[in-house]
Amino acid sequence: MSNDPIYMTKTGEIAEIVLNRPDKLNALNAEVWQGIIDLFGQAGADDEVKVVILRSSAPRAFAAGADISEFPIVHATAESAGAYHDKIRTAYDAICNLNKPTIAMIRGVCFGGGCAIALNCDLRYADTTSRFCIPPARLGIAYSLMETKRLSDLIGPSRAKEMLMGAKVIEAQEALAIGLATRLFDPDELEAGTQEFAQNLCNLSQFTIRAVKTMVSEISGGATDETDTSRRLRSEGFQGADYIEGRDAFLEKRKASFTYR
Ligand code: COA
């Protein structure tokens with residue numbers, strides 16, 4: 001077990017990036033934000049890795065948000081505040097723009113920046129102890145436009161307003177009902193359920209999986225019709241090795257073995 005506040009492990013084609021400040025409920029300090037940037041970068045560059053799970057070493061928290069004890073230092077000057085917020089934005093982008101599927105595996109507290117990093121993942125697999133909250137209204141600060149959009153796109157503008165204006169805590173069942181959690185598990189089944197789906201992703205075509213990620217991202221960015229990128233992907237798909245393998249495997253009644261990286 002590492003003492004680092006964030007670390008990565010790899011089992012086969014699945015990487016796990018682990019938030020590891022259990023005494024502070026994984027409050028996200030500067031070192032952790034930098035770790036997110038570095039480790040998601042490493043996972044992206046590693047051809048062996050097909051799926052990334054973002055998780056916690058703490059049993060009762062995914063993450064309790066940005067480390068508030070650092071606020072007086074990081075917000076001491078306009079320059080230091082700007083650099084701090086740039087770093088956080090870079091960390092969100094490192095998760096969101098990774099060209100591989102990401103699953104946040106969530107137990108317990110998922111607050112503030114913890115909720116934001118979970119929202120930057122493709123999927124949120126949570127257990128029934130999970131509680132979600134984004135509480136800038138308790139601190140008198142404005143939440144960023146990008147993260148407000150991400151929340152609003154996911155759960156709708158009214159629920160996003162309710163959650164943000166009211167610093168409202170959303171319990172696990174409600175989180176599932178409104179789409180904040182993608183799937184809900186009993187606590188002792190979360191790990192196996194997450195691993196099972198991650199492994200399923202590893203066995204499918206990475207070309208298709210990455211194309212899905214790109215298409216949904218284009219839609220979130222405002223696309224309402226085919227774009228140059230979507231046309232290129234559609235055309236490349238039918239010329240790719242994964243398509244030939246998938247088609248032949250179906251016709252030959254065998255399991256496909258995809259190779260795209
Ligand atoms: N920043 C810094 N430290 C934090 C933290 C944060 N966001 N969230 C929790 N911690 C620390 C606590 O200070 C405490 O440390 P200590 O034992 O040295 O005093 C430890 O983590 C455990 O937290 P505690 O508050 O005792 O746990 P709890 O179960 O009573 O409450 C929360 C859990 C999440 C409700 C509560 O910690 C909380 O409201 N945290 C702040 C959440 C927040 O506002 N996040 C957004 C930041 S922008």
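The values are calculated or read from the model by the stated rules, or taken from the named source; none is laboratory data. Nothing here was measured: the structure is a model prediction, and the numbers come from that model. Note that we place each Cβ from the backbone using ideal geometry, even for glycine, and neighbour counts take in every protein chain shown. Note: accessible area is taken over every heavy atom of the protein model, side chains too, but ligands, DNA and RNA are not part of it. Shrake-Rupley method; radii C 1.70, N 1.55, O 1.52, S 1.80 Å.
At-a-glance table
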item	result
For residue 100, residues with placed amide H under 5 Å, excluding near neighbours	none
Environment charge of residue 21, counting only residues whose C-beta is closer than 11 Å and scoring Lys/Arg +1, Asp/Glu -1	-3
Shape category assigned to region 193-261 from the gyration tensor of Cα positions, a/c cut at 1.5	oblate
Amide proton proximity set for residue 106, modelled H, under 5 Å, gap of 5+	125, 126, 127
Calculated from backbone phi, Karplus (6.51, -1.76, 1.60) coupling profile of region 242-258 in Hz, x at Gly/Pro	5, 5, 4, 5, x, 5, 5, 4, 4, 5, 8, 6, 9, 7, 6, 10, 7
Of 46, 38, 248, the one that fluctuates the most in a GNM where the chain has Cα springs shorter than 10 Å	248
Antiparallel bridge percentage (DSSP; both residues within the chain; nearest 5)	25 percent
Carbon + sulfur, % of accessible area of region 205-251 - ligands and nucleic acids excluded, 1.4 Å	58 percent
Within the accessible area of region 6-201 (1.4 Å probe), percent carbon and sulfur	55 percent
From phi via Karplus (6.51, -1.76, 1.60), per-residue ³J(HN,Hα) for region 218-231 in Hz, x at Gly/Pro	5, 5, 4, x, x, 5, 10, 9, 4, 10, 4, 5, 5, 5
For the chain, calculated [θ]222 nm from helices alone, where every DSSP H run of n ≥ 4 adds -39500 (n - 2.57)	-15000 deg cm²/dmol
Förster-model FRET efficiency, 30 Å R0, residue 248 and residue 87, C-beta, rounded to 0.05	0.05
FRET efficiency, 1/(1 + (r/R0)^6) with R0 41 Å, evaluated for residue 241 and residue 145 via beta carbons	0.50
Amide H contacts of residue 6 (H built 1.01 Å from N, under 5 Å, at least 5 apart or other chain)	20
Lysine pairs within the chain, Cα separation less than 18 Å, 8 or more sequence positions apart or different chains	8
For peptides 170-177, 151-158, 69-76, 119-126, sequence by mean Cβ density within 10 Å, most packed first	119-126, 170-177, 151-158, 69-76
Accessible area per residue, Å², the chain with all protein chains present, probe 1.4 Å	51 Å²
